[in-house]
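Novice: Here it is: the structure, laid out below.
The values are calculated or read from the model by the stated rules, or taken from the named source; none is laboratory data. All values reported here derive from a predicted model rather than from experimental measurement. Cβ sites come from the backbone with ideal geometry, for glycine too, and all protein chains shown count toward neighbours. Just the protein is used for accessible areas: all its heavy atoms, side chains included, with ligands, DNA and RNA removed. Shrake-Rupley method; radii C 1.70, N 1.55, O 1.52, S 1.80 Å.
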Amino acid sequence: MAIRSIETRHYAERDAFFAGLRRLSRRSFFKLAGLSAGAALGRGLVWPRSFQLVEVANAADGAGPKFTFAYISDTHLYERKLNDRFVRAILKAVDDVNSLDPQPDFVLFGGDLAQLGQPKELELGRDILKTVKTPVKMMVGEHDWFLDMGERWRTFFGAPSYSFDHKGVHFVVLMSVVEKDFWTARGMTPMQRMQTVAGLDNATQSRFEVGDEGRKWLQDDLAKVEKTTPLVVFSHSPLYKYYRPWNFWTEDADEVQAILRPFQTVTVIHGHTHQLLTNHIGNISFHGMLSTAWPWPYAPEGLPKLTVQMNRADPFSQFDGCGDGAFDVSEAGLVDALYNLWDRNPITVRASYVTSGGGREVPPRTKLASY
């Protein structure tokens, strides 16, 4: 039987409660919400901070999505004997996904499965992800790659760039963490190279890029796709220029965007930054994914203006600011991003908010200081 984390067992009752609410009509929902709020106030109770009832009404309104896929990202696994905390976090994320009803069509893993790309780290992550009920689409991150330049990754998971079609949408998984060779001239060992890339803000490594070969592959792949076909691109680094000193950046992002621009509907979903991020450039919407390991602070400049920032994480809580999530894809190929923040209220960033430049369906903003 698959292992279930203790946090999942604690939240099982909440999940059952939500499942029941989704079957209610809007009128019945508000009647129940009013009764339960009155009972809670009468008994001196407060709502748990992990969810908020009013957001369920929004989810219950209108037509449902064409399909949904979930994500788990940036697990940064060490060997279990070295860091059991990150292992417990990915187990919690797997429990979250496996408890979804109905199940998503597939799960995206957003990169950085391992911390230092070592075989036992990748094997551990591979074995845990095998317990996910629904198919998993793998994407590579820099922490998975630069110890052996992807040799073990290719053996376990295949090519770092590939595409597939699903229910009328063309999906592209794009290797975006290529770096120019900074290691050969310096005589670095493979582990020295890996540790350098693993550093967030060092000046030794180059900035990430898709590269000439990757852009050519992308052009060739998209040449076979009608421009009216909705396009969803998965990249580990953001395919825009956020903050260069931390490598929250893709050096050839402008060239990649030019390849995507002819398509009518484009969404890019990325990992790496470990934070809720929202951007819109031309016809392209961008969503960042949460990490299960830790949240990064927001960069001191370059933050996309559409981003509804998370407030500072509690340093004494393992899960605060971390999480997993899902994406609802509409008939038109537009994407709503659902952020399942483990110790906070869930947040939905709807396609209408992004494409309207922040004018419609604005997500709730934190009342506390950002970070």
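Novice: Kindly provide the trypsin sites (Lys or Arg not before Pro) of segment 261-351 that DSSP labels as loop, not H, G, I, E or B, and whose Cβ sees at most 12 other Cβ atoms within 10 Å.
Specialist: K305
Novice: Still on this structure, please answer the following. If each of N202 and E255 carries a label point 7 Å out from its Cα toward its Cβ, how far apart are those two points in nm?
Specialist: Computed distance between label sites N202 and E255 equals 2.6 nm.
Novice: Over segment 178-334, give the accessible area per residue in Å² for a 1.4 Å probe, as an integer.
Specialist: 40
Novice: Where the centroid of each part is defined by its Cα atoms, how far is segment 121-189 from segment 225-245 in Å?
Specialist: Their Cα centres are 17 Å away from one another.
Novice: Now for a separate question. Which ³J(HN,Hα) values in Hz, rounded to whole numbers, follow from the phi angles of segment 94-100 under the Karplus curve 6.51 cos²θ - 1.76 cosθ + 1.60, where θ = phi - 60° and Gly and Pro get x?
Specialist: Running phi through 6.51 cos²θ - 1.76 cosθ + 1.60 with θ = phi - 60° gives 4, 4, 4, 5, 5, 8, 5 Hz.
Novice: How many angstrom separate the Cα center of segment 326-350 from the Cα center of segment 290-321?
Specialist: 17
Novice: Looking at segment 83-170, which trypsin sites (Lys or Arg not before Pro) are DSSP coil and have at most 10 other C-beta atoms within 10 Å of their C-beta?
Specialist: Filter output for segment 83-170: K130.
Novice: Could you look at segment 194-254 and say what percent of its accessible area is carbon and sulfur, using a 1.4 Å probe and all protein chains?
Specialist: After summing per-atom areas, the C and S share lands at 44 percent.
Novice: Amide H of V178 versus every other amide H placed in the peptide plane: which residues, excluding those fewer than 5 positions away on the same chain, fall under 5 Å?
Specialist: Here the answer is E209, since their amide H atoms fall under 5 Å of that of V178.
Novice: Residues with amide H under 5 Å of T307's amide H, sequence separation 5 or more or different chain, H placed in the peptide plane at 1.01 Å from N; which?
Specialist: Distant-sequence amide H within range of T307: T278.
Novice: Further question: Between R244 and L82, what FRET efficiency comes out of the Förster formula 1/(1 + (r/R0)^6) with R0 = 41 Å and r the beta carbon distance, rounded to 0.05?
Specialist: The pair L82/R244 has a calculated efficiency of 0.85.
Novice: Report the GluC sites (Glu not before Pro) located in segment 284-371 that are in a DSSP loop and have at most 13 other Cβ atoms inside 10 Å of their Cβ, or state none.
Specialist: Loop-located and lightly packed - E301, E331.
Novice: With an 8 Å Cα cut-off and a minimum separation of 6 or more residues, compute the relative contact order for segment 98-162 in percent.
Specialist: Contact order relative to length: 39 percent.
Novice: Given K167/K367; K120/K167; K92/K137; K130/K305; K133/K216, which pairs have Cα atoms separated by over 30 Å?
Specialist: K167/K367; K120/K167; K130/K305; K133/K216
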